[in-house]
Amino acid sequence: MNSASSPNADLLSRSLRSVWHPCTQMKHHEQLPLVPIARGDGAWLYDFEGKRYLDAISSWWVNLFGHANQRINAALTGQLDSLAHVILAGFTHEPVVRLSERLSALTGLSHCFYGSDGASAVEIALKMSFHYWKNSGQPGKRDFVSLKNGYHGETLGALSVTDVPLFRDTYAALLRQGTQLPSPDWRGARPGENADDVAVRALNALEVHLAAEHERTAAVIVEPLVQAAGGMAMHHPRFLLGARTLCDRYGVHFIADEIAVGFGRTGTFLACEQAGIRPDFVCLSKGITGGYLPLSVTMTSDDIYRAFYDDDMARGFLHSHSYTGNALACRAALAVLDIFEEDDVIAANRIKSARISARCRKIAGHPRIRHFRNAGMIWAFDVETRDALFPRKFYRAALQRGLLLRPLGNTVYFMPPYIIEDEQVEMLVAGTCALLDTVE
Ligand SMILES: Cc1ncc(COP(=O)(O)O)c(C=O)c1O
């Protein structure tokens, strides 16, 4: 334990006095100590006394290639000598142009609009969709369809299309009314159904809704393949293909929120590739800078872009954030794309994912586990428990074993940096099995 004067203890008490930590009931820290971090190295995080934690959730799903990655560090150091930031209204710079060109080549969507965080990318997609229809003479198309159990961020627009009661209910009075339709989550399969059947059922509900409401509907927003914050709920790619087809049939935009699943997380650069579809809008963030700097982007097609291109100022998209297209963040993102190319990360992850899945068999066979599931570099399973405090107890016990794991309700998941090594996976699996045996 920390002595009163240790660097760990000192930072903890200063943090509790001055920092309002995110997604936290601060009073819980009377019992559950903050974890002070002095430095990171690969998949490890170290406190000031050398205790280390395996970052099995990539620090909220952002860190792809490890902490203190030499290649990203070098790119940032080089960029610092020339330009950290410049206003992006009226000005431009090399990193933002190169990044936009490369993202467009990877996604097939030709225009990039930058924000700072995932939620801002979602806000931008929602506003752009509505504004597109308004510019196209259909201002009545202003409703958004989202899925049960979906999560798109915490700002008011993003929260309006989010369905996680813990985050949403308190602010319900501030949110826009929208339509939430059944999730294709395959855990909802009825006897005799498979994942594909669940997807078809969800598509039927979407079709019924769009047939009746398409004139009022601007867009459908979806987390492709994995509804992450809602509990790593996974669905069949058939749902994405069907949803794209219905959006085309009824003249409604398809927004792919790939903030958690993009950048290779589900096994392809974009999760949507597994359904062979191109969305009207793609939102990216999290892994985009390898977990270094806040950056998000909303990408869209030339058709949509053209609807804003006009002599009339008000037909333009006048949204902005001060740090839009920050040069350092874009340079980090370029370094991330270099790593994808140079190391053929998508192919390497395919092999690594199979190896990790094989090691996880011990967990999948544990008697307390239900619905063991995997998509690319995400593994998740539901734990039988009657204790509402299970997530906090599991989190705490995991930390004591040197594992950073943050269950979502009774769902435990691994979303490690792609550079995780075999021995680290071994430690993660053995530690998790021990936790399953001990945490009620
Ligand atoms: C799918 C998805 N969309 C949006 C967000 C919001 O991103 P941010 O926390 O960067 O605002 C998240 C964050 O977890 C997410 O998983």
Using the structure shown, decide if Leu284 is within 12 Å of the ligand (Cβ to nearest atom) and either crowded, with 16+ Cβ neighbours inside 10 Å or among the charged types (D, E, K, R) (or both). yes
Looking at region 376-397 only, could you name the residues that are surrounded by fewer than 20 Cβ atoms within 10 Å (Cβ to Cβ), among the small types (Gly, Ala, Ser) and either under 21 Å from the mean Cα position of the chain (by Cα) or under 15 Å from Val412 (Cβ atoms) (or both)? Ala397
Counting only residues that are more than 16 Å from Leu147 (Cβ to Cβ) and small (Gly, Ala, Ser), which one in region 190-214 is least open to solvent (accessible area, probe 1.4 Å)? Ala211
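From Glu440, Glu421, grab the single residue that is touching a residue at least 40 places away in the same chain (Cβ under 8 Å) and in contact with a helix residue (DSSP H, G or I) (Cβ under 8 Å, 6 or more places away or on another chain).
Working: Glu421 fails: in contact with a helix residue (DSSP H, G or I) (Cβ under 8 Å, 6 or more places away or on another chain).
Criteria check complete, one pass: Glu440.
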So is Gln424 loosely packed, with under 15 Cβ neighbours inside 10 Å, within 24 Å of Pro36 (Cβ to Cβ) and at pLDDT 95 or above or not? no
Screening Lys127, Lys134 for residues that are within 16 Å of the ligand (Cβ to nearest atom) and open to solvent by 70 Å² or more (accessible area, probe 1.4 Å) leaves only Lys127
Pairs only if they're at least six apart or on different chains, beta carbon under 6 angstrom, first in region 294-322 and within 16 Å of the ligand (Cβ to nearest atom), second among the acidic types (Asp, Glu); list them, first residue then second. Pro294/Asp117; Ser296/Asp117
Which condition breaks for Phe113 when tested against (1) within 20 Å of the chain's Cα centre (by Cα); (2) more than 16 Å from the ligand (Cβ to nearest atom); (3) open to solvent by 20 Å² or more (accessible area, probe 1.4 Å)? (2)
Qualifying strands (runs of 3 or more DSSP E) (wholly inside region 11-110; at least 1 residues being of a type in the set (Ser, Thr, Tyr) and surrounded by 15 or more Cβ atoms within 10 Å (Cβ to Cβ)): 44-46, 52-55
Filtering region 215-240 for residues that are over 27 Å from Val383 (Cα atoms) and open to solvent by less than 10 Å² (accessible area, probe 1.4 Å) leaves a count of 6
Any chance region 236-249 includes a residue that's in a strand (DSSP E or B), in contact with a helix residue (DSSP H, G or I) (Cβ under 8 Å, 6 or more places away or on another chain) and within 16 Å of the ligand (Cβ to nearest atom)? no
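Inside region 142-213, counting only helices (runs of 4 or more DSSP H) that do not spill past its ends, which hold 3 or more residues that are more than 14 Å from the ligand (Cβ to nearest atom)?
On the way: elements: 156-160, 165-168, 195-213.
The qualifying helices (runs of 4 or more DSSP H) are 195-213.
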Hits in region 262-278 (condition: without any contact (Cβ under 8 Å) to a residue 40 or more places away in the chain and within 16 Å of the ligand (Cβ to nearest atom)): Gly262
Which of the residues that make up region 312-340 are of a type in the set (Asp, Glu) and in a loop (DSSP other than H, G, I, E, B)? Asp312
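The values are calculated or read from the model by the stated rules, or taken from the named source; none is laboratory data. Given the structure is predicted, the values throughout are model-derived calculations rather than measurements. Here Cβ is always computed from backbone atoms with ideal geometry, including for glycine, and neighbour counts include all displayed protein chains. The area values use the complete protein model at the heavy-atom level, side chains included, leaving out ligands, DNA and RNA. Shrake-Rupley method; radii C 1.70, N 1.55, O 1.52, S 1.80 Å.
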